[in-house]
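Q: If you scroll down you'll find the structure; I have some questions about it.
All of the numbers you see were taken from the coordinates with simple rules; none came from a lab. Note that the structure is a prediction, hence the values are computed from the model and not measured. In this analysis, Cβ positions are derived from the backbone assuming ideal geometry, glycine residues included, and neighbour counts consider all displayed protein chains.
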Amino acid sequence: MTPEIRKKYQNQFTCKFPAAIDLFEPSLNSAEKILSEQQIFAYLDGANFLCKIGQGVDPVLVYMRSMPEIIAHFGGDSIEIITHYSYQLARSPNKKSLIPFLQSLKSVCLRIDSIDDLQYYLHIIDNYVEKTKTIIHGHQSIHESAGMIALLESIPNLIPKLCLKGIENFIHYGASNYKDAPDQQKEYFKLQSHDAKSIIARERLGTNFKSIEHKLNMARDCLWDCDLPLSSYTTDAHQIRKPQPYLGDEIIALPDVLEDKNSISGLNRYRAILAHLMAHKKWSTRLMADNYAPQLQLMVSAFEDARVDTLAMRKYPGLKNYFLALHPYPKKGACDKSQMSCLRYRATRLSRALIDPQFDADDDLIKEMCKKFHHCLSNNKESSTKEMSDLGTDYFIKSRCDSDSRPEIYFDKTEVSYRDDNRYFWYHYEEYDEADEIIPDEYQNEEKKVESADSLPPKYYDEWDYISKGYKPDWTIVYERLHPSGDASHIDRLVEKYAELAKRLKSMIEILKPQNKKRIRFQEDGEELDLDIALRSLIDYKSGQTPDMRINYSYATDSRDIAVMLLVDTSESLNNINSETGQTLLEFSQIALAITAWTVDTLGDKFAIAGFNSNTRSEVRYQHIKGFSEKYNATVKARIAEMKAAYSTRMGAAMRHAAHYLEAQPAEKKLMLILTDGEPADIDAKDPQSLIKDTKKAVEELKSKGIFSYCINLDKNADDYVQDIFTNNYTIIDHVDKLPEQLPQVFMKLSS
Amino acid sequence: MDISHYKIDQEPFYKQLTNEVDLYQAAYAAKLPIMVKGPTGCGKSRFIEYMAWKLEKPLITVSCNEDITASDLVGRYLLDENGTQWIDGPLTLAARYGAICYLDEIVEARQDTMVVIHALTDHRRELTLDKKGELVKAHPDFQLVISYNPGYQSLMKDLKQSTKQRFCAMDFDYASADLEASILIKEGNIDQETANNLVKIGHTARKLKGHGLEEGISTRLMVYAAMLINKGITPIEACKMALVRPITDDLDIRETLDNAIELVFG
């Protein structure tokens, strides 16, 4: 830079803040390397402009530091756009977000390239402000948007994960759902709330676990013959330690989203992980981790992982394509052992060499180890974890060097993304294991555990938001467990009083059982003569043509192929005592359930019963009372006897959960009966319409799955909402004491 | 009447699973009717063919369907230029001249139709042709065999107890992996490795039965795949065509099986 030009620049820069003047030299030096002369002038003009907008020196400093790179990326036109936008921002109630805004631009550069996209980005922020501005007494935008700063500060985290459209959806969701809840809005945009994580997972690039769970389940069943449930964990930028897939005693845990990698699709990456985990399950035995130093564990794991991979590839040779594509290929000599610890590097190179015959080991020790390894597995032998532990120890000792204990560890390309954390075969003995269980967990997190021995892992369901016309992803958590059992004879006693009813029902069943007769025409041997056809045949016969002999018709019974799910609301209000009879609604429900269960069982239809209640969206309890394959017997009666009423009625989530069982039933007609005493409601749903609309949506979802929903409502004032939800498919029972009689009748009416 | 054209001249390929050949021979000697049960394509019909060949008896096969009537089995009067003429149905033919009559997939026929076989299948061994007014005494060589697949039919299509209890029954299932592979090698003329892989895929799909698949991949389909491979089709293509496409229209299952095929053939 000639002194003249420098002079010119200096004259151009008119900002008088001392801190800015100090920064002038260094920033000019870096700007000069990447910007043209004209651009530098514009850059300095921009800085001058920001000096004068009355926000102090800080925005100017951020601008001066970050802009050269941004200008180089987007071109000179971006200066005008950004300074103008900064000016707008400074004049708005959101002036505090000016600095975060300027700071966010640097990370925006990483993913978006065109000036149009930059404008789109600004447009997204504008939209957010527009949606969240507060209007008080007709004065607009006097208050800032609550989550604005949090949002702009989160941009560096969002940009690598989502495309701009995804970011827009993310912001849109937060802005419309937390409009009036500033604290939650902040938490959302800080990416700390569960919802934020779910939305990111939904909008993320790559393959979503939820969308392919079904396929993985089938792959697990048919390829690996295993029945452990699959579950996903959140992969989150905030976590310092990246979670790895793992195989627990009762669960297969996989990441919630996987992007394509090395031309292996996300789905196939899931399959590769599944294969590796299942291979451990099939072939690994346990080792006591306390007997091995951590570094030694690394080597033993490398051998054991390679062994199960080899066996898996022997079984399914196609896995080779996945494994070799996904396994890192640490280059020869990439790690300098005089500088840093090469332990991981060595382990990964060894592991590659063990599964990849083409790998150029360039190391006699690795070659020797490969030979031993392949010898262990030759002639279709499976070898053993123990043998691998010996090989690992051998390799560790022979390859050990001083630098292994250096604090700087070479990490580059040493992580095998399809492998798990091997907790399956390393087990620990810890003396104080038990202590943890004694001290109660004071910091229970949002997802409260409602687990007991009989419970299944929680399932997440979306909930419909009628305001934004979209689903709130993973909004509700359903815990399913076996209903506790009580005294079965209690039910028998209750039902005794209804002997008369049972008798009447029995005669109805008799009528129903050989259902709808269907006329079958064109029968050679039939019950009655079908005159039309008989005449036609006679004419044929007289005219010398071969007559059709099928001149009779007969009747056949229509087959009855129906599966019924009875979903019972067990919310607190069931404890209300009916003024006419002095019994609780719960008691009537129990009797009605028992009688209906008996009726349907006698009819021989597939029938299941479940109870539900909820305590906020993070705890929807779904209790299994009778399964489709269970007979109506003392066990089921005992469960009915033990029914308790508590909490609220989050119907949509329970219906979705029940539907996934009903859906799997091979029946022509599927019916879901919902027995409830009030409208869908929960203590965390302030808007009474929200759960009603969600339930309505659930009914629609069920319908599209071929499930017919029908509501039996004990609330006399149900007309207001029940029609909205179930259109015409409901019965309101005004006199509760009639429920035991009406419930089975409703069922028979529906199914005949 | 000569029914020798129903005789099987060439030995059909059949691989014995256990002692079923002996069992069948004993039943035949004792003039007992037989019911063979098992999933589709596991070799029931082939076994009967093989036994007919071994016993050197003619085999008359009737594939049952819903429209089949008693007259289709027993026979009927037909019109010709001279008036009417009685034509024996397959069952009458077999009973009169001494053949093995094989009613394949009997549950597909309506239950009341099957009552006509009752008198033939107990100690009476006779068949009444009521339209003709004749009582046919069964030939000593006559035997009735029915097949049925208990798996896929609905409850409505079960056999009547009175029909069921006239038969000795033999259970069939898919052969063990090794045996199935050897069947594929013989029938499809493929090498051992390909046969093993086909069997592996077959077993894979059988595990999905009840999880969206009504029925696993049968040995018959595996033979088809082997034959396609033998004609120069790549194994992956052949498997997709012969093993996956026929059994399911569910996209997820299809994709899972396709992937399994790719994994197995590498």
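Q: Would you be so kind as to identify which of B:100, B:78, B:256 lies farthest towards the positive end of the dipole of chain B, taking Lys and Arg as +1 and Asp and Glu as -1 on Cβ and the Cα centre as origin?
A: Result: B:100, furthest along the dipole toward the positive end.
Q: Using Cα-Cα distances under 8 Å and only pairs 6 or more residues apart, what relative contact order does region A:3-203 have, in percent?
A: Result for region A:3-203 is 16 percent.
Q: Could you calculate the contour length gain from residue A:502 to residue A:379, that is, 0.36 nm times the residue separation minus the distance between their Cα atoms, to one decimal place in nm?
A: Value of the extension gain: 37.4 nm.
Q: With N set to the number of residues, divide the alpha-carbon radius of gyration of region B:157-213 by 2.2 N^0.38 Å and report two decimals.
A: Details: Rg = 16.5 Å, N = 57, 2.2 N^0.38 = 10.2 Å.
Ratio of Rg to 2.2 N^0.38 Å for region B:157-213: 1.61.
Q: Follow-up. Take the cross-link list A:197/A:281; A:210/A:472; A:469/A:693 and give me the ones stretching past 19 Å between alpha-carbons. Could the numbers behind the result be given before it?
A: Numbers: A:197/A:281 31 Å; A:210/A:472 14 Å; A:469/A:693 10 Å.
Pairs exceeding the cut-off: A:197/A:281.
Q: Hey, another quick one. If you take every DSSP beta bridge whose two residues both sit in chain B, what share of them, in percent to the nearest 5, is antiparallel? Mind showing how you got there, number by number?
A: Numbers: 10 of 28 bridges.
Taking every DSSP beta bridge with both residues in chain B, the antiparallel ones total about 35 percent.
Q: When the dipole is taken about the Cα centre of region A:3-203, and only Lys, Arg (+1) and Asp, Glu (-1) are charged at their Cβ, what size is it in debye, to the nearest 20?
A: 320 debye
Q: Still on this structure, I have one more. Over the alpha carbons of region A:207-427, what is the largest minus smallest coordinate on each principal axis, giving the biggest first in Å?
A: Rounded to whole Å, the extents work out to 48, 45, 35 Å.
Q: Over all alpha-carbon pairs in region B:4-171, figure out the percentage whose distance exceeds 23 Å.
A: Numbers: 5290 of 14028 pairs.
Tail of P(r) above 23 Å: 38 percent of Cα pairs.
Q: Normalised by the number of residues in chain A, what is the relative contact order in percent for Cα pairs under 8 Å and 6+ residues apart?
A: Rounded, it is 8 percent for chain A.
Q: Give me the one-decimal Kirkwood hydrodynamic radius in Å for region B:26-119, with the sum taken over alpha-carbon pairs. Spell out each step's value before the answer.
A: Values: mean 1/r = 0.0682 Å⁻¹.
Averaging 1/r across every pair of different Cα atoms and inverting gives 14.7 Å.
Q: Separate question: With only alpha-carbon pairs counted, each pair once and no self-pairs, how large is the Kirkwood hydrodynamic radius of region B:177-265 in angstroms?
A: 12.5 Å
Q: Evaluate the Debye formula for region A:561-751 with equal point scatterers sitting on the alpha carbons, no solvent, and hand back log10 of I(q)/I(0) at q = 0.16 Å⁻¹, in q order, two decimals.
A: -0.96
Q: Related question: So, by mean Cβ neighbours within 10 angstrom, what's the order for A:173-182, A:27-36 with the highest one leading?
A: A:173-182, A:27-36
Q: Pop the C-beta distance of residue B:176 and residue A:561 into the FRET formula with R0 = 25 Å and round what comes out to the nearest 0.05.
A: Step by step, r from the Cβ atoms, then E = 0.10.
Q: Which longest uninterrupted range of chain B lacks any trypsin sites (Lys or Arg not before Pro) assigned by DSSP to a loop state (not H, G, I, E or B) and surrounded by at most 16 other Cβ atoms within 10 Å?
A: It runs B:32-123.
Q: Let me spell out the model: positive unit charges on the Cβ of Lys and Arg, negative unit charges on the Cβ of Asp and Glu, origin at the Cα centre of the protein assembly as shown. What dipole size does that give, in debye rounded to 20?
A: 1100 debye
Q: Quick check on region A:517-557: take the gyration tensor over C-alpha atoms, sort the square-rooted eigenvalues as a ≥ b ≥ c, and tell me if it's rounded (a/c under 1.5), prolate or oblate.
A: Prolate.
Q: Just tell me which aspartates and glutamates come within less than 12 Å, Cα to Cα, of residue A:106; anything on the same chain fewer than 8 places away is out.
A: Result set, ordered by chain and number: A:69, A:153.
Q: Under the definition of Cα pairs under 8 Å and six or more residues apart, what whole-number percent is the relative contact order of chain B?
A: Value for chain B: 20 percent.
Q: Here is a further query. Rule-of-thumb check for region A:81-198: C-alpha Rg over 2.2 N^0.38 Å?
A: Here the Cα radius of gyration is 1.01 times the empirical estimate.
Q: Considering only DSSP beta bridges where both residues belong to chain A, give the percentage that are antiparallel (nearest 5).
A: Antiparallel bridges make up about 45 percent of those DSSP assigns within chain A.
Q: Related question: Report Rg (one decimal) and Dmax (nearest whole number) for region A:283-377, counting Cα atoms only, units Å.
A: Rg, Dmax (Cα atoms, Å): 13.8, 42.
Q: Based on the Cα gyration tensor of chain A, what are the three equivalent ellipsoid semi-axes, each the root of five times an eigenvalue, rounded to whole Å and given largest first?
A: Values: eigenvalues 722, 330, 163 Å².
They are 60, 41, 29 Å, listed from largest to smallest.
Q: Give me the percent of DSSP beta bridges within region A:121-280 that run antiparallel, rounded to the nearest 5.
A: If we restrict to bridges inside region A:121-280, about 65 percent are antiparallel.
Q: Straight distance only, please: which lysines reach the Cα of residue A:337 with their own Cα at less than 19 Å, same-chain residues fewer than 8 apart left out?
A: In chain and number order, the partners are A:398, A:413.
Q: A further question on this structure: At 0.36 nm per residue, and after removing the present C-alpha to C-alpha distance, how many nm does the segment from residue A:130 to residue A:176 gain when stretched out fully?
A: That pair, residue A:130 and residue A:176, stretches by 15.5 nm at full extension.
Q: Moving on. Given charges of +1 on the Cβ of Lys and Arg and -1 on the Cβ of Asp and Glu, with all other atoms neutral, how large is the dipole of region B:39-171 about its Cα centre, in debye to the nearest 20?
A: Numbers: 16 positive and 19 negative charges, 91 e Å.
Computed charge dipole of region B:39-171: roughly 440 debye.
Q: Can you list the equivalent-ellipsoid semi-axes of region A:3-203, largest first and in whole Å, using the square root of 5 times each Cα gyration tensor eigenvalue?
A: 33, 19, 13
Q: Distance in nm between label sites at residue B:236 and residue A:331, each 7 Å beyond Cα in the beta-carbon direction?
A: 3.1 nm
Q: Shifting gears a bit: Direction-averaged shadow area of the convex hull around the Cα atoms of region A:13-91, nm²?
A: Seen from a random direction, the Cα hull of region A:13-91 projects 4.4 nm² on average.
Q: I've got another one for you. How large is Rg over Rh for region B:1-56, taking Rg from the Cα atoms and Rh as the Kirkwood inverse mean of 1/r across Cα pairs?
A: In region B:1-56, Rg relative to Rh is 0.97.
Q: Counting other Cβ atoms within 10 Å, keep those with at most 13, restrict to DSSP loop, and tell me which trypsin sites (Lys or Arg not before Pro) in region A:641-733 are left.
A: On the way: sites: A:644, A:650, A:656, A:669, A:670, A:686, A:693, A:696, A:697, A:703, A:705, A:716; in loops: A:644, A:650, A:686, A:705, A:716.
Within region A:641-733, the qualifying trypsin sites (Lys or Arg not before Pro) (loop, at most 13 other Cβ atoms within 10 Å) are A:686, A:705, A:716.
Q: Put +1 on the Cβ of each Lys and Arg and -1 on the Cβ of each Asp and Glu in region A:561-751; which of A:678, A:567, A:707 then has its Cα farthest toward the positive end of the dipole?
A: A:707
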